[in-house]
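Down below is the structure, laid out as structure tokens.
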Amino acid sequence: MSFHRLRTALPLLAAFCLSAAAQDTTTFRFENIASLDAMKSHVREAFPAGTPRAILARLLEKEGGASRRAHPRRAATEKYLYDINICDAYIWRWNISADYDAHGALLQVWVNGDPVHAAGPQKLSAASLRSNGKAAIYKGTRARPEAYKGEKQLAYIMLDADADPRTLDDQLVIGGGPNRPMPGPATKMIAYSDVELWRSIFDPDPADRIVRYQGMCPPGWGG
């Protein structure tokens with residue numbers, strides 16, 4: 001290569017290296033998402049239909065630090081759990097689950113049990129699950145002993161279509177939880193309706209760790 005061609009190529013090479021370095025930089029943080037609506041908007045934009053499975057794993061698990069869990073009955077479904085201890089008053093859970101096609105392309109992504117794309121799989125119908133004549137209704141709780149100053153458990157009601165707790169595909173829950181992953185006077189309870197237990201904040205699967213809230217806790221807040 002001549003000196004002139006080398007001099008011309010150097011800026012392009014430098015730009016490529018900078019771009020590659022930027023892609024390797026950790027950019028996603030669960031703690032930066034301030035609400036359910038903000039997370040839904042974020043994943044809707046970041047993970048459009050057709051996104052490769054590896055992209056979700058890189059952003060949510062490698063960069064974000066979430067715990068990945070495979071669905072025990074669906075090879076093409078997985079979830080990412082990220083728990084935050086909010087000033088020992090409650091445990092906020094991000095449960096980001098995803099469905100893929102046979103080639104590992106994204107069909108649907110869910111935030112705490114709610115689907116974010118209009119196309120793709122949608123919520124199950126409680127009415128249709130009841131129609132088989134085998135459905136049972138249970139009361140349940142999700143223990144959160146780490147929140148020793150406040151909400152140490154989350155209560156829910158579950159509809160189980162086949163009355164078999166070992167099958168996770170037909171379990172819908174209704175329950176309440178905190179409305180945002182941060183402390184403050186505006187924190188209140190919100191309702192989740194007809195969400196799959198496995199995809200929800202009530203899901204009993206543990207995350208690998210519970211991260212402490214990094215912001216300022218108001219004096220006396222949480223008990």
### Query
A38 label point, 7 Å along Cα→Cβ, cut-off 11 Å on backbone N: hits in segment 141-182?
180-182
### Message
Using +1 at the C-beta of Lys and Arg and -1 at the C-beta of Asp and Glu, which of W110, A98, A135 has the Cα lying farthest in the positive direction of the dipole of segment 85-136?
### Response
A135
### Task
If a/c stays under 1.5 just call it rounded; otherwise compare a/b with b/c (prolate if a/b is bigger, oblate if not). Do that for segment 179-223, with a ≥ b ≥ c from the square roots of the Cα gyration tensor eigenvalues.
oblate
### Task
Return the FRET efficiency for the residue pair K134, Q214: r is the Cβ-Cβ distance, R0 is 45 Å, and the value is rounded to the nearest 0.05.
0.45
### Task
Would you mind checking segment 173-208 for residues with the amide N under 16 Å from a putative spin-label position 7 Å along Cα→C-beta of E31?
181-183
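Mind checking the dipole of segment 103-188: about its Cα centre, +1 per Lys or Arg Cβ, -1 per Asp or Glu Cβ, Debye to the nearest 20? Walk me through the intermediate numbers first.
Values: 11 positive and 8 negative charges, 80 e Å.
Here the size comes out at about 380 debye.
Relative to the Cα centre, what is the charge dipole magnitude of the chain, using +1 at the beta carbon of each Lys and Arg, -1 at the beta carbon of each Asp and Glu, and rounding to the nearest 20 debye? Before the final figure, lay out the partial values.
On the way: 28 positive and 24 negative charges, 74 e Å.
Here the chain has a charge dipole of around 360 debye.
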### Correct option for Cα Rg over 2.2 N^0.38 Å [calculated from the coordinates] among (i) 1.22; (ii) 1.03; (iii) 1.89
(i)
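Coordinate-derived values only; no laboratory data. All values derive from a computational prediction rather than experimental measurement. In this analysis, Cβ positions are derived from the backbone assuming ideal geometry, glycine residues included, and neighbour counts consider all displayed protein chains.
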